[in-house]
Amino acid sequence: MIIRTMAPYKMILIAIAILVLCVPMVIGCGSGNAPKIMTTADGVRFVRTPDARFKDLPGFPYKARYVEIDGLRQAYVDEGPAGADPILLLHGEPTWSYLYRKMIPVLVAGGHRVIAMDHVGMGRSDKPIDIKYYTYLGHVDRLEKFIEALKLEHITLYCHDWGSLIGLYVAGKHPEWFDRIVVSDGTLPVVPAGLQPYPPVQDPNKINKDLVSPFASIPPQQPHFYDAEGNPLPGKQAEDFADWMVYAMTAASFHPAEVVEALTYFPVPAQIKAAYDAPFPSRIYMAGPRVFPSLVNDLPGVTEDAWIGLTRYTKPFLTIWASNDPGNLGSKTIQNRLINNIPGAAGRPHVRIPQASHFLQEDQGAEVARRINEFIVANPRQ
């Protein structure tokens, strides 16, 4: 997840005690069985989360389907009528397709085929254990292969967070694959070649038991970060993204649910937080979410051509933003960059949804899905 927390919340409060209680699920106590390490034909070592971890997750009855890409199982949900045009849902860091459980039934009820993919290293997909395996263009390449393997056509893309950096790159390169695009709290940045956005994390495989979460002091019920017009409230300045990179990569206490809790508007129940952590019974499974923030340093000189392709995209393009996302992706500046530069965005019902934070699918998933249904009805396939 590309996100920057707000300076007033950089101070760590009593919430660290909650993180300590969560550590065993992530760093070792799990099932009591040592994970089985497998190897692809190309020598990539990986682990596979046991199916039992995904049994009876609240609100998520969806069967896992798999396609093999580069010797690894890529997991996805595929619901709704098989002959309908697909809606492809792409999650970001550090979530998985569980994020879309509130949207899937609304979209299916709208008559659509709904596909929610788990990026490799996340959710029910296989998880290479070497952090060097994960690259930005590797994620892009797998998404392209996934679309081709499933023979998807006339796609409506919905992408969020890192799902937008990956999905919008593919859309910029292959605009003919997508009939419509919807983005929430995401973008496709252009970073000049030769510029390193942030210092790389030192000793990335050294576990740091002393680091505390940059999100820990954000209470379960979020305060307001913006005024009614979407302008940041005084004093709410973003802190260095490098802190998040270091924490995700090296902190012993890092687990996905803490981020989801901090960056949702409403409190997240314990059983829902457990579902976000389910793919990661111990640290060996965590390479994917650990690396994702650091992939920002893969971007220089890579995305410009894809961005140029997006600036020529004339088919329907919609932004659905959260009104209370405290990170850089939640700003009006990011949203307006898409609206003002992509021709297909002109005249669309762009919105900032009230009572929603970065993970607006958790806060207002049914409302987001309702708007996507309306957008498709208003812009039928040509």
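The values are calculated or read from the model by the stated rules, or taken from the named source; none is laboratory data. From a predicted model like this one, the values you see are computed outputs, not experimental measurements. Heads up, the Cβs are rebuilt from the backbone with ideal geometry, glycines too, and the neighbour counts pull from every protein chain shown.
For the range 318-339, residues that are in a helix (DSSP H, G or I) and either free of Cβ contacts under 8 Å to residues at least 40 places away in the same chain or farther than 20 Å from Asp179 by Cα (or both) total 10. For the range 94-120, a residue qualifies if it is under 23 Å from Glu261 (Cβ atoms), of a type outside the set (S, T, N, Q), in contact with a Leu (Cβ under 9 Å, 6 or more places away or on another chain) and not in a strand (DSSP E or B), and the qualifying residues are Tyr98, Leu99, Tyr100, Arg101, Met103, Ile104, His119. Looking at the range 104-126, which of its residues are in contact with a Gly (Cβ under 6 Å, 6 or more places away or on another chain) and surrounded by fewer than 24 Cβ atoms within 10 Å (Cβ to Cβ)? Val108, His112, Arg113 - these are the residues of the range 104-126 that are in contact with a Gly (Cβ under 6 Å, 6 or more places away or on another chain) and surrounded by fewer than 24 Cβ atoms within 10 Å (Cβ to Cβ). Could you list, in sequence order, all residues of the range 153-204 that are in contact (Cβ under 8 Å) with a residue 24 or more places away in the chain, among the charged types (D, E, K, R) and under 18 Å from Tyr313 (Cβ atoms)? The answer is Glu153, Lys173, Asp179, Arg180. Across the range 343-357, the qualifying residues are those that are touching a residue at least 40 places away in the same chain (Cβ under 8 Å) and at negative phi, and the one among them that is nearest to the chain's Cα centre (by Cα) is Ser357.
With respect to Asp298, determine if the residue is of a type in the set (D, E, K, R) and more than 21 Å from Leu137 (Cβ to Cβ).
Values: of a type in the set (D, E, K, R): yes; more than 21 Å from Leu137 (Cβ to Cβ): no.
Taking the combined requirement at face value, the residue does not satisfy it.
Per the listing Ser217, Ser282, Ser213, Ser184, the residue uniquely closer than 30 Å to Pro354 by Cα and either among the hydrophobic types (A, V, I, L, M, F, W, C) or surrounded by fewer than 22 Cβ atoms within 10 Å (Cβ to Cβ) (or both) is Ser217. Filtering the range 333-372 to residues that are loosely packed, with under 15 Cβ neighbours inside 10 Å and hydrophobic (A, V, I, L, M, F, W, C) leaves Ala346, Ala366.
Exactly one residue out of Leu318, Leu360 is out of contact with any Lys or Arg (no Cβ under 8 Å at 6 or more places or on another chain) and closer than 25 Å to Tyr169 by Cβ, and it is Leu360.
Within the range 130-154, the set of residues being outside any helix (DSSP H, G or I) and crowded, with 20+ Cβ neighbours inside 10 Å comprises just one member, Tyr134. Taking the range 58-72 as the range and being buried (at least 19 other Cβ atoms within 10 Å of the Cβ) and part of a strand (DSSP E or B) as the test, the residues that pass are Ile69, Leu72. For the range 42-77, taking the residues that are among the charged types (D, E, K, R) and without any contact (Cβ under 8 Å) to a residue 60 or more places away in the chain, the one that is farthest from Arg101 (Cα to Cα) is identified as Asp42. Restricting the range 194-221 to residues that are within 21 Å of Ala248 (Cβ to Cβ) and of a type in the set (S, T, N, Q) leaves a set whose member that is modelled with the lowest pLDDT is Ser217.
In summary, Arg101 fulfils each of the numbered conditions (1) under 17 Å from the mean Cα position of the chain (by Cα); (2) in contact (Cβ under 8 Å) with a residue 40 or more places away in the chain; (3) under 28 Å from Pro269 (Cβ atoms); (4) buried (at least 23 other Cβ atoms within 10 Å of the Cβ) with the single exception of condition (4).
For the range 47-58, indicate whether the set of residues that are under 22 Å from Ser184 (Cα atoms) and aromatic (Phe, Trp, Tyr) is non-empty.
Restricting attention to the range 47-58, the residues satisfying the condition of being under 22 Å from Ser184 (Cα atoms) are none.
No, there is no match, as no residue in the range 47-58 is under 22 Å from Ser184 (Cα atoms) and aromatic (Phe, Trp, Tyr).
Taken together, Gly30, Gly43, Gly80, Gly111 contain a single residue that is farther than 20 Å from His160 by Cα and modelled with pLDDT under 95, which is Gly30. Just one of the listed residues (Ala228, Ala252) is over 24 Å from Gly163 (Cα atoms), among the aliphatic types (A, V, I, L, M) and modelled with pLDDT of 95 or more, and it is Ala252. Any residue at all in the range 1-20 that is in a loop (DSSP other than H, G, I, E, B), at pLDDT 95 or above and more than 20 Å from the chain's Cα centre (by Cα)? For the range 1-20, residues in a loop (DSSP other than H, G, I, E, B), at pLDDT 95 or above and more than 20 Å from the chain's Cα centre (by Cα): absent.
Residues that are over 30 Å from Asp363 (Cα atoms) and in a helix (DSSP H, G or I) within the range 298-313 comprise Asp298, Glu304, Asp305, Ala306, Ile308, Gly309, listed in sequence order.
Please determine whether any residue of the range 167-178 is closer than 26 Å to Ala275 by Cα and not in a loop (DSSP other than H, G, I, E, B). The answer is yes; a qualifying residue exists. Just one of the numbered conditions (1) more than 21 Å from Gln335 (Cα to Cα); (2) surrounded by 23 or more Cβ atoms within 10 Å (Cβ to Cβ) is not true of Asp203: (2).
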